[in-house]
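This report refers to the structure that appears directly beneath it.
The values are calculated or read from the model by the stated rules, or taken from the named source; none is laboratory data. Every value quoted in this text rests on a predicted model; they were computed, and no experiment measured them. With ideal geometry, Cβ positions are generated from the backbone for all residues, glycine too; neighbour counts draw on all protein chains shown. Areas reflect the complete protein model, heavy atoms only, side chains present, ligands, DNA and RNA absent. Shrake-Rupley method; radii C 1.70, N 1.55, O 1.52, S 1.80 Å.
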Amino acid sequence: MRLISLTTAIFLLLSCSNSKSRPDVSGIAADVRVQRFDQDFFAIDTTQTEASLDKLYQKYPSFLPIYFEFFSPINFIVQRQGRPYSDAIPEYYRNLRSLYDSVQKRFGDFTPYEKELEQALRYAKHYFPSTRIPAVFTTVESLNPENKDEIYGALFFRDTLVISLQMFLGKDFPAYDPSQYFDYLRRRFEPQYIVANSMRAVSTGIYPDSSSEATLIEQMIEKGKQWYLLDHFLPDTPDSIKTFFTQRQLDWCRANEGNIWAEVLKNTPDLYVMDKERIQNYLGESPFTPDLPHEASPGNIGQWIGWQIVKEFAEKNGSLSLEQVVKTPAKKIFQEAKYRPK
């Protein structure tokens, strides 16, 4: 009998492992058609605004009013300033034209992202068969750093996914003012985050995060469930893309997991605290975690801890489906995971 090489053996083991973690979803229908609203909007003839608007409305009867109301200041200009659409639209168009041109230069062909999104949604439908394939629109809007959700560049509501392409033009794009968009935020404004951020938004529709009034440990675990969903929806996506951590920060977290947990327990012995300042220390966007080394730790370490706890609970309860895991109450997950990292 011929012996196989060590390299071949490792490859076979990895292949077997991958086949278990990556179910065959090739037979699942997930026809994603990205509608380039941004291209159609910036193709209007501003010298014939009314006729162009009618044509745009015929193509986007549901989305155009939403864009005017929630994604642009057009309705505000019309309703609050008492100006007609024939004034408001050309003004907005002129203000955003250069930004749109940059988007078009980068994303004239969106097909690769469409295919990646389609594959991710196949995984979502595999684990949650009732998942509906959303209508997908790409847009270009004014930069708005006062909106804390803007940095994700994707919004999901009413079975609709909106991808704001102006948020993926690269960390060095000159319109991203460093005094408004700090380094740790700008590094995620790259095209490779489009699909992950889109699925992050879709996952909140599949399993909404309703933990805002929960205790610290419960919020950690509920937010950790979102990354656990992404593990399954995006099995080939690097953790650095899913978490927004740098690879160096991820490596530090893995190497110091026990120390991180010990520091959390030392500074917050009551994990069921509901103190907002304590919760803010561990959850939410920030360049580092206050209780941990600033030069090494990422912000939002609480979600990373919650993610580890959810994974440990799932490993100890291998018969549970993904849906059953995420629907398990956070307190039960914490008690049964018996999280004690070294």
Go ahead and estimate [θ] at 222 nm for the chain from helices alone: -39,500 (n - 2.57) per DSSP H run with n ≥ 4, summed, over the residue count, rounded to 500. -16000 deg cm²/dmol
Can you compute 3J(HN,Hα) from phi for each residue in region 309-323, using the Karplus curve 6.51 cos²θ - 1.76 cosθ + 1.60 with θ = phi - 60°, rounded to whole Hz and x for Gly and Pro? 5, 4, 4, 5, 4, 5, 5, 7, 10, x, 7, 7, 6, 4, 4
Could you tell me which of the pairs Lys171/Lys225; Lys115/Lys327; Lys225/Lys338 are separated by over 21 angstrom between their Cα atoms in the structure shown? Lys171/Lys225; Lys115/Lys327
Pop out the Kirkwood hydrodynamic radius of region 169-314 from its pairwise C-alpha distances, inverse of mean 1/r, in Å to one decimal. 15.9 Å
So, for the chain, what is the accessible surface per residue at a probe of 1.4 Å, expressed in square angstrom? 52 Å²
Extent along principal axes [Cα atoms of region 40-106; Å; largest to smallest]: 35, 24, 24
If I histogram all Cα-Cα distances within region 177-236 using bins 5 Å wide from 0, what percent of pairs lands in each bin? 4, 16, 20, 17, 19, 17, 7, 0
Consider just the alpha-carbon atoms of region 266-305 and return their Rg together with their Dmax, both in angstrom. 9.8, 28
Förster-model FRET efficiency, 35 Å R0, Arg158 and Arg248, C-beta, rounded to 0.05: 0.35
Determine ³J(HN,Hα), in whole Hz, for all residues of region 51-57 in sequence, where each value follows from phi through the Karplus function 6.51 cos²θ - 1.76 cosθ + 1.60 and θ = phi - 60°; x replaces Gly and Pro. 5, 5, 5, 4, 5, 5, 5
Out-of-range pairs (alpha-carbon distance over 18 Å; input Lys223/Lys311; Lys242/Lys266; Lys266/Lys316; Lys105/Lys242; Lys59/Lys125): Lys242/Lys266; Lys266/Lys316; Lys105/Lys242; Lys59/Lys125
Could you give the nm distance between label points at Lys327 and Asp177, where each point is 7 Å from its Cα heading toward the beta carbon? 4.7 nm
Please give, to one decimal in nm, the separation of the simple spin-label points placed at Ala51 and Arg132, each 7 Å out from Cα toward the Cβ. 3.7 nm
Can you tell me how region 223-277 classifies by the Cα gyration tensor, rounded, prolate or oblate, using a/c under 1.5 as the rounded cut? oblate
Classify region 103-244 as rounded, prolate or oblate from the Cα gyration tensor: take a ≥ b ≥ c as the square roots of its eigenvalues, call it rounded if a/c is under 1.5, otherwise prolate when a/b beats b/c and oblate if not. oblate
Each residue of region 27-43 in order: what ³J(HN,Hα) in whole Hz does its phi give by Karplus 6.51 cos²θ - 1.76 cosθ + 1.60, θ = phi - 60°, with x for Gly and Pro? x, 8, 6, 8, 7, 9, 10, 6, 9, 7, 4, 4, 5, 5, 5, 7, 9
Compactness summary of the chain: radius of gyration and Dmax from Cα atoms, Å, are 22.6, 86
Could you calculate the contour length gain from Glu315 to Met274, that is, 0.36 nm times the residue separation minus the distance between their Cα atoms, to one decimal place in nm? 11.9 nm
Roughly how big is the chain's charge dipole about its Cα centre, with Cβ charges of +1 (Lys, Arg) and -1 (Asp, Glu), in debye to the nearest 20? 960 debye
Tell me, what % of the accessible area of the chain is carbon and sulfur with a 1.4 angstrom probe? 51 percent
The long-range amide H neighbours of Leu161, using H built 1.01 Å from N in the peptide plane and a cut-off of under 5 Å, are Ala135, Val136, Phe137
Name the most mobile residue of Ser102, Ser198, Ser86, meaning the one with the largest mean-square fluctuation, in a Gaussian network model of the chain with Cα contacts below 10 Å. Ser86
By average C-beta atoms within 10 angstrom, highest first, the peptides 32-40, 161-169, 219-227: 219-227, 161-169, 32-40
